[in-house]
Amino acid sequence: MSFNTTTSPFLLTGFPGMDKAHHWISFPLLVVYISILLGNGTILFLIRDDHNLHEPMYYFLAMLAAADLGVTLTTMPTVLGVLWLNHRKIGRAACFFQAYLIHTLSIVESGVLLAMAYDRFVAICHPLRYTSILTNTRVMKIGMGVLTRASLSIMPIIIRLHWFPYCRHHVLSHAFCLHQDIIKLACANITFNHLYPVVLIFATVLLDFFIISFSYILILKTVMGLVSGEERAKALNTCVSHIGCILVFYVTVVGLTLIHRFGRHVPHVVHITMSYIYFLFPPFMNPVIYSIKTQQIQRGIIRLFSLPRTRA
């Protein structure tokens, strides 16, 4: 039996076999969701409001927070709709657009982490030229380049999704739309959509990681050349937050990739859980990392939530 390939919506899935527990599962996800909104929203507000944070390092941090907010706002409404209201239907166009945003923002996050590594490289290896190299105009161009690279590179596989016939069952395996999930339902030659994402991952996320790693080798070489131990510690301390965000992002990427590629015999609920960790853990942790390790952000948060003293 074939489905109407024009009008049939896709059906989202929660946690298979755990339908009765969906309401309970939704509560911790809601807490994480609200924490992500508050944490990244606070970072954006502080950077916009505090002129002391109008520096390249914090502009890149604002880009990271915006990407984290974007991917969370893209995925969580449909997730909570499934878990709370059992609202499983999603139109084809809406599903494709959601998949486009999710994958685009993932590549944006990788690009922003690379831009932040460049910022740390210039600050430590060429401190006297920092302000002349990372001008506001150049920071804006880097941000636009990161966004353009991500949005254009994802477009070919998403456009092809509109042309595929979907004559199999229309049930997706997650509560949000992913490209690799959708193409499993297509009744067509999907070789390009299988191979292109692999090439894209190597050309973007993995390449970004290798460039970041190389930049830190140069940074470490420069730091080790400093005479004062205090200067070495101070220089490395400015990189701690960024390194923490790198580890959070790329460890989850590797974990999700290994599960998808080699976890065929792993229970499906593990695949779903890893997907949630991938999309929620970095946006949740990034504001925490920067709040703990960056004094300017700490002071801004204290100032933001401190009640004004009233005169007696």
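Taking the stated definitions as given, is F45 crowded, with 22+ Cβ neighbours inside 10 Å and either touching a residue at least 40 places away in the same chain (Cβ under 8 Å) or closer than 13 Å to P283 by Cβ (or both)?
Details: crowded, with 22+ Cβ neighbours inside 10 Å: no; either touching a residue at least 40 places away in the same chain (Cβ under 8 Å) or closer than 13 Å to P283 by Cβ (or both): yes.
No, not satisfied.
Criterion first (surrounded by fewer than 22 Cβ atoms within 10 Å (Cβ to Cβ) and touching a strand residue (DSSP E or B) at 6+ places or on another chain (Cβ under 7 Å)) does R88 satisfy it?
Yes: the conditions hold for R88.
Within the stretch 25-42, track down each residue that is free of Cβ contacts under 8 Å to residues at least 24 places away in the same chain and among the hydrophobic types (A, V, I, L, M, F, W, C). Can you show your working first?
At the first step, the residues of the stretch 25-42 found to be free of Cβ contacts under 8 Å to residues at least 24 places away in the same chain are 27-28, 31, 34, 38.
F27, V31, I34, L38 - these are the residues of the stretch 25-42 that are free of Cβ contacts under 8 Å to residues at least 24 places away in the same chain and among the hydrophobic types (A, V, I, L, M, F, W, C).
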Problem set entry | Selection from the stretch 237-254 of residues that are part of a helix (DSSP H, G or I) and either in contact with a Gly (Cβ under 6 Å, 6 or more places away or on another chain) or surrounded by 15 or more Cβ atoms within 10 Å (Cβ to Cβ) (or both) | S241, H242, I243, G244, C245, I246, V248, F249, Y250, T252, V253
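Suppose the filter is modelled with pLDDT of 95 or more and crowded, with 21+ Cβ neighbours inside 10 Å; does Y33 pass it? Show your work before the answer.
Details: modelled with pLDDT of 95 or more: yes; crowded, with 21+ Cβ neighbours inside 10 Å: yes.
Judged against the criteria, Y33 is a match.
Run down L178, L218, L185, L195 and say which single residue is closer than 30 Å to H87 by Cβ and more than 19 Å from the chain's Cα centre (by Cα).
Matching residue, one of L178, L218, L185, L195: L185.
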For this session: Would you please name the residue that is surrounded by the most Cβ atoms within 10 Å (Cβ to Cβ), looking only at residues in the stretch 156-180 that are within 25 Å of I272 (Cα to Cα) and aliphatic (A, V, I, L, M)?
Result: A175
Exercise. Does R264 count as of a type in the set (D, E, K, R) and either in contact with a Lys or Arg (Cβ under 7 Å, 6 or more places away or on another chain) or not in a helix (DSSP H, G or I) (or both)?
Worked result: yes
Problem set entry | Test: residue in the stretch 52-66 that is more than 26 Å from T204 (Cα to Cα) and touching a helix residue (DSSP H, G or I) at 6+ places or on another chain (Cβ under 6 Å) | yes
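Given the condition acidic (D, E) and touching a residue at least 40 places away in the same chain (Cβ under 8 Å), answer yes or no: does some residue in the stretch 57-78 qualify?
Here is the first cut: in the stretch 57-78, the ones acidic (D, E) are 68.
From the residues that got through so far, the ones that are touching a residue at least 40 places away in the same chain (Cβ under 8 Å) too are 68.
Yes, because at least one residue in the stretch 57-78 is acidic (D, E) and touching a residue at least 40 places away in the same chain (Cβ under 8 Å).
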Exercise. With respect to the numbered conditions (1) modelled with pLDDT under 95; (2) under 15 Å from A123 (Cβ atoms), which one is the sole condition not fulfilled by S215?
Worked result: (1)
Exercise. Tell me, which residue of the stretch 81-106 that is out of contact with any helix residue (DSSP H, G or I) (no Cβ under 6 Å at 6 or more places or on another chain) and aliphatic (A, V, I, L, M) is nearest to S8 (Cα to Cα)?
Worked result: I90
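The values are calculated or read from the model by the stated rules, or taken from the named source; none is laboratory data. None of the values given here were measured: they were computed from a predicted structure. Because the Cβ atoms are built from the backbone with ideal geometry, glycine has one as well, and the counts that use them run over all protein chains shown.
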